[in-house]
Amino acid sequence: MSRLLSVQRNHSFAFAAVLVVVLLVVTQEVQTGGFGWSDQLANLAPLAIAAMASTPAIIGGRGGLDLSVSPLMTLSSAVFVVWLVPNGLGGPASVPIILGLTAGIGLITGLLVVHLRVPPVVLTLSVYFVLIGVSAKVLPAPEFVHGSWVAHLAGHVGPIPGAVFTIGAPLLIWLALGRIPYRNALYTVGSNDVAAFSSGVDVGRVRVGAYALGGLYAGIGGFALTAVTMSADSSQAQTYTLIAIAAVALGGTSLVGGRGGLAGPALGAGAIYLMQDLLVTLQVSTDWLQVLYGGALVAAVVLGGVVARQKALA
């Protein structure tokens, strides 16, 4: 047990990684029609990206739970389908437009959190309701899109599953941020913002950047969401709100900030998705899904608490 806890302490995503491997083995054993890697990755992509979009604000500390990620993904999908595609902007031009929109909304959210000094969960819950209302206004009823390039993101781009690009884009951006001071500053702020401020770090700017980064990721998630259904539906705005936070915790990212990365939340999302897929395959009532999500989250939080206490005693 001490050896397992040591592995978890050094690699916070270890629990989620083991769970994903076990669930993959079990799922492939019980499924008779083949696993279908491309389709499974496409279905996983919106949840995985929602989890990764929630992560920067959490790492930044001060209770940075961003509840606005899921409706922001839905809003970006609605803007793409309702406004950009009919006006001839549904091609490559849509990418900077959507990503600029969602990053801008994340930036505004971050500015409000930092400068109003309102608890992030309260402020982002307010933004959450605003975005749900705007999405419903933009898209009163579900609307489909046909012949769009986003279909490849749920299928293949050449021989490569399209979801590799949508899931991989946030990871590549995160790796690129490791080559500049920002990512280290984010960890420093999340661990101890007073010490970071004393060292000359602009704590407010770093935290605002975390929300803007989450918004950027949400825009990528909007494309992934549109690709899966080839439609936009404002009624789905709440789908990934809490389950994304559960995936972050399951992936080993500390909810108090200062520790974690994007690989863990992506693996946590994979574990939750595979649990759901397994229950559907076994024809277990969907009522048990919430119990399973809650149980996995409790297990991850308890494990994280044990690891943190061992670190403090070391």
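Numbers at a glance
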| quantity | calculated |
| --- | --- |
| Hey, Ala48 among the hydrophobic types (A, V, I, L, M, F, W, C) and surrounded by 24 or more Cβ atoms within 10 Å (Cβ to Cβ) or not | yes |
| Counted residues, the range 137-153 - those being open to solvent by less than 60 Å² (accessible area, probe 1.4 Å), assigned to a helix (DSSP H, G or I) and within 18 Å of Ala224 (Cβ to Cβ) | 3 |
| Residue match in the range 225-242 (condition: out of contact with any Gly (no Cβ under 7 Å at 6 or more places or on another chain), modelled with pLDDT under 90, over 27 Å from Leu84 (Cβ atoms) and not acidic (Asp, Glu)) | yes |
| Pro119 being over 17 Å from the mean Cα position of the chain (by Cα), under 18 Å from Leu255 (Cβ atoms), at pLDDT below 95 and not β-branched (Val, Ile, Thr) | yes |
| Inter-residue pairs, beta-carbon under 6 Å, first among the hydrophobic types (A, V, I, L, M, F, W, C) and in the range 19-38, second assigned to a helix (DSSP H, G or I) and at pLDDT 85 or above, 6+ apart | Leu19/Ala271; Val20/Leu267; Val20/Gly270; Val20/Ala271; Leu23/Leu274 |
| Boolean, Pro161 is in contact with a Ser or Thr (Cβ under 6 Å, 6 or more places away or on another chain) and not aliphatic (A, V, I, L, M) | yes |
| Pair list, Cβ under 8 Å, 6 or more apart: the range 149-163 residue touching a residue at least 40 places away in the same chain (Cβ under 8 Å), other residue of a type in the set (Asp, Glu) | Ala154/Asp39 |
| Condition met for Arg207 (touching a residue at least 24 places away in the same chain (Cβ under 8 Å) and open to solvent by 20 Å² or more (accessible area, probe 1.4 Å)) | yes |
| Selection from the range 100-113 of residues that are open to solvent by less than 40 Å² (accessible area, probe 1.4 Å) and in contact with a helix residue (DSSP H, G or I) (Cβ under 6 Å, 6 or more places away or on another chain) | Thr102, Ala103, Ile105, Gly106, Thr109, Gly110, Val113 |
| Set Ile105, Ile132: member being under 18 Å from Ile49 (Cβ atoms) and either part of a helix (DSSP H, G or I) or free of Cβ contacts under 8 Å to residues at least 60 places away in the same chain (or both) | Ile105 |
| Filter result (open to solvent by less than 20 Å² (accessible area, probe 1.4 Å) and within 16 Å of the chain's Cα centre (by Cα)) within the range 227-244 | Ala237, Thr241, Ala244 |
| Within the range 154-198, considering residues that are assigned to a loop (DSSP other than H, G, I, E, B) and surrounded by fewer than 16 Cβ atoms within 10 Å (Cβ to Cβ), the one nearest to the chain's Cα centre (by Cα) | Gly178 |
| Members of the range 253-304 found to be more than 15 Å from Ala14 (Cα to Cα), of a type outside the set (Gly, Ala, Ser), in contact (Cβ under 8 Å) with a residue 40 or more places away in the chain and not in a helix (DSSP H, G or I), listed by number | Leu255, Val256, Leu282 |
| Lone unmet requirement of (1) more than 30 Å from Tyr187 (Cβ to Cβ); (2) in contact with a helix residue (DSSP H, G or I) (Cβ under 9 Å, 6 or more places away or on another chain); (3) surrounded by fewer than 23 Cβ atoms within 10 Å (Cβ to Cβ) for Arg259 | (1) |
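The values are calculated or read from the model by the stated rules, or taken from the named source; none is laboratory data. On a predicted model such as this, the values are computed, not experimentally measured, just so you know. As a convention, Cβ positions derive from the backbone with ideal geometry for all residues, glycine included, and neighbour counts pool all protein chains shown. Only protein heavy atoms, including side chains, enter the accessible area calculation; ligands, DNA and RNA are left aside. Shrake-Rupley method; radii C 1.70, N 1.55, O 1.52, S 1.80 Å.
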